[in-house]
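Right, one structure below, let's go through it.
Bear in mind these aren't lab numbers, they're just calculated from the coordinates by the rules spelled out. Since the model is a prediction, treat every value here as computed from it, not as a measurement. Here the Cβ is made from the backbone with ideal geometry for all residues, glycine too, and neighbour counts use every protein chain on show.
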Ligand SMILES: [Zn+2]
């Protein structure tokens, strides 16, 4: 696996401890920030989680909404806001209670894939092991967070 050196940034946001290989999905979620300079480190060794990715975005401080969207696919992520090369603020990611128009429903028969309506998923806990899952409001199928297809654009 290729390792990129991720340099320090002056102002912006560092998203660390993204599960290995998910940086690209994180960037999809942040497509509104795509004009900012982004650097990515992928599959870096991390004692705690095995392999991790890091995303650094220059001149953009993530909003609470963006942070919560990241939690869908990177619940272990840590968010640090950088101002003048210093860690000014740390934010915890929190999985949102509902996802409105953030992801496509993976069920090809779901009405949201046939009509132009906003998708909606509600957070749900797996009764056997407490894992976080999302239920489609329309077809009522239950999905693991990583199996949702994040909308682009
Ligand atoms: Zn559905």
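When a footprinting reagent is the concern and you count Cβ atoms within 10 Å, what order do 80, 132, 112, 13 take, fewest first?
132, 80, 112, 13
Quick one: order 93, 55, 67 by neighbouring beta-carbon count within 10 Å, fewest to most.
Starting with the residue having the fewest Cβ neighbours, the order is 67, 93, 55.
Can you give the relative contact order of the chain as a percent, counting alpha carbon pairs under 8 Å and 6+ residues apart?
22
Kirkwood Rh over alpha-carbon pairs of the chain, then Stokes-Einstein at 10 °C and 1.306 mPa s: what D in µm² s⁻¹, rounded to an integer?
Approximately 97 µm²/s, per Stokes-Einstein.
Does anyone have the angle between helix 64-73 and the longest principal axis of the chain? Alpha-carbon axes, 0 to 90°, nearest 10?
Compared with the principal axis, the helix lies near 70 degrees.
Could you let me know the centre-to-centre spacing of the range 111-153 and the range 27-104, using Cα atoms, in angstrom?
A separation of 21 Å, based on Cα centres.
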